[in-house]
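Please read the structure below before turning to the comments.
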Amino acid sequence: MAVAAQVAAKGREVYILEKNETFGKETSSRNSETIHAGIYYPEGSLKAETCVAGNALLYELCQQNGIAHRKTGKLIVATKDEEVGKLEALLQRGIRNGVRGLTMLSRTEVRELEPNVEGVAAIFSPSSGIIDSHALMKFFLARAKEKGAEIAYKSKVVGIERLSDGYEVTVENGSRSFPFKTEVLINCAGLHSDRIAQLAGIDISEAGYRLFYCKGEYFSVGNSKSRLVERLIYPVPQPSTGGMGIHTVMDVEGKMRLGPNARYVNEIDYKVDESQKGFFYHSVKAFLPFIEYDDLEPEMAGIRPKLQGPGEDIRDFVIRHEQDRGLPGFINLIGIESPGLTSAPAIAERVEGIVKEIL
Ligand SMILES: Cc1cc2nc3c(=O)[nH]c(=O)nc-3n(C[C@H](O)[C@H](O)[C@H](O)COP(=O)(O)OP(=O)(O)OC[C@H]3O[C@@H](n4cnc5c(N)ncnc54)[C@H](O)[C@@H]3O)c2cc1C
């Protein structure tokens, strides 16, 4: 919807085809709602660039349009001296990525900021924050509609045929289907974006577009514990865990939860596995000593559309005009996992730039 709003704002006729009965029923409603700063991602990657740019754009959009958010700030905490080197490397990466205001804190400074957090050192990231993701989606959709875009619900893309001057998309709407013609086709289908690329005729194995589902579960901690920290609190990430490590997540009302883990799964199923409770507890106990095992209750889950399989190196977002695959006017957005929410306005600008080159 960010892409639709941006493209429509340039005077283009835009239609959003959405298979569900309304917007935001998939990944955009099942995430941590964190405005990331851009610390973790490889230098020069689309993830780093769109996250840093998106962070600034998102705060501006929130302030100008009354979208609920809070610039909480965040600490990445080392609990052992051996982790301080990794923290230092992360700090340098964040600085190289252009994240502003990052500082290293001593044990005493950590205590001063967050008296209930245990750590020997921490990175302080002042530009990290939280956002009401549903309010953001509503805003993008309203802006898109205001600029003339239309959204069709219960409209599932099931076929794509290349024409001499664009594409004919077959759309399934309940028991009937209809053709839809367009000059430019933008694939923003989240967990299903690899299938859309396949429908357009791309060999997704060869292109490296096949998605893996990586589940992220959350546990709530009870309201009384929510008040014990003010900022987002993260551990030092362990390579190959596929996530940032179990951390605190906060909503705009200040309710805290823990998550998400990162487990590769074969199916899209949002049930939380209660047996993960011990893993959650042991993951945070060292830096959040006030959390007790019995505080934790299964809450919700989301699924990351990951381009890298288990144990593989981090992959970047794919944002690509597929002209060289014989598909002029077809733009793929694949693997838009975290920080996709933060990056949304910057991704939208990038995609609009591609559309401008095409038309
Ligand atoms: C556990 C978890 C935590 C996360 N935490 C954060 C975070 O804290 N901060 C952050 O910046 N990012 C976070 N993210 C990432 C962020 O949520 C996603 O990058 C973002 O929401 C992706 O948005 P999207 O529009 O690409 O996909 P989606 O929200 O999945 O939207 C895709 C839409 O396409 C529709 N669709 C699919 N196939 C078809 C079809 N054939 N026909 C018609 N419509 C179709 C779907 O129904 C869906 O509505 C997290 C993700 C997860 C899973």
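Filter the stretch 291-309 down to the residues that are more than 12 Å from the ligand (Cβ to nearest atom) and within 19 Å of the chain's Cα centre (by Cα) and list them by number.
Applying the first criterion (more than 12 Å from the ligand (Cβ to nearest atom)) to the stretch 291-309 yields 291-298, 307-309.
Once the filter is applied, which keeps residues that are more than 12 Å from the ligand (Cβ to nearest atom) and within 19 Å of the chain's Cα centre (by Cα), the stretch 291-309 yields 307, 308, 309.
Count, please, the residues in the stretch 323-339 that happen to be over 15 Å from residue 351 (Cβ atoms) and either within 16 Å of the ligand (Cβ to nearest atom) or of a type in the set (S, T, N, Q) (or both). Show your work before the answer.
Kept after step one, since they are over 15 Å from residue 351 (Cβ atoms), are these residues of the stretch 323-339: 324-328, 337-339.
Those left that are additionally either within 16 Å of the ligand (Cβ to nearest atom) or of a type in the set (S, T, N, Q) (or both): 337-339.
Total meeting the criteria: 3.
Take the residues in the stretch 85-103 that are surrounded by 15 or more Cβ atoms within 10 Å (Cβ to Cβ) and of a type in the set (A, V, I, L, M, F, W, C); name whichever of them is farthest from residue 284 (Cα to Cα).
Applying the filter and picking the extreme gives 99.
Exactly one of these conditions fails for residue 56: (1) open to solvent by less than 20 Å² (accessible area, probe 1.4 Å); (2) away from the ligand (no atom under 12 Å from the Cβ). Give me its number.
Only one criterion in (1) open to solvent by less than 20 Å² (accessible area, probe 1.4 Å); (2) away from the ligand (no atom under 12 Å from the Cβ) is unmet by residue 56, namely (1).
Could you look through the stretch 28-51, keep only residues that are assigned to a helix (DSSP H, G or I) and open to solvent by 40 Å² or more (accessible area, probe 1.4 Å), and pick out the one that is nearest to the ligand (Cβ to nearest atom)?
Filtering the stretch 28-51 for residues assigned to a helix (DSSP H, G or I) gives 28-29, 46-51.
Now narrow it down to the ones that are open to solvent by 40 Å² or more (accessible area, probe 1.4 Å): 28-29, 49.
On the way: 28: 3, 29: 7, 49: 14 Å.
The residue in question is 28.
Strands (runs of 3 or more DSSP E) wholly in the stretch 251-359 with at least 1 residues that are open to solvent by 10 Å² or more (accessible area, probe 1.4 Å), among the acidic types (Asp, Glu) and out of contact with any Leu (no Cβ under 6 Å at 6 or more places or on another chain) - which ones?
Values: elements: 256-259, 263-265, 297-306, 318-321, 330-334.
In the stretch 251-359, the matching strands (runs of 3 or more DSSP E) lie at 297-306.
Out of the residues in the stretch 144-171 that are open to solvent by 90 Å² or more (accessible area, probe 1.4 Å) and not in a strand (DSSP E or B), state the one that is farthest from the ligand (Cβ to nearest atom). Step through it out loud before you land on a result.
Filtering the stretch 144-171 for residues open to solvent by 90 Å² or more (accessible area, probe 1.4 Å) gives 145-147, 150, 154, 156, 161-162, 164-165.
Next, from what is left, pick out any that are not in a strand (DSSP E or B): 145-147, 154, 164-165.
Values: 145: 16, 146: 19, 147: 18, 154: 9, 164: 24, 165: 22 Å.
Across the stretch 144-171, the extreme among qualifying residues is 164.
Please find, among 202, 196, the residue that is closer than 30 Å to residue 15 by Cα, in contact with a strand residue (DSSP E or B) (Cβ under 9 Å, 6 or more places away or on another chain) and outside any helix (DSSP H, G or I). Spell out the reasoning first.
Numbers: 196 fails: outside any helix (DSSP H, G or I).
On inspection, the qualifying residue turns out to be 202.
For the stretch 1-25: of the residues being open to solvent by 50 Å² or more (accessible area, probe 1.4 Å) and part of a loop (DSSP other than H, G, I, E, B), which is nearest to the ligand (Cβ to nearest atom)?
19
The values are calculated or read from the model by the stated rules, or taken from the named source; none is laboratory data. The structure displayed is predicted, hence computed values, not measured ones. Cβ sites come from the backbone with ideal geometry, for glycine too, and all protein chains shown count toward neighbours. For accessibility, only protein heavy atoms count, side chains too; no ligands or nucleic acids. Shrake-Rupley method; radii C 1.70, N 1.55, O 1.52, S 1.80 Å.
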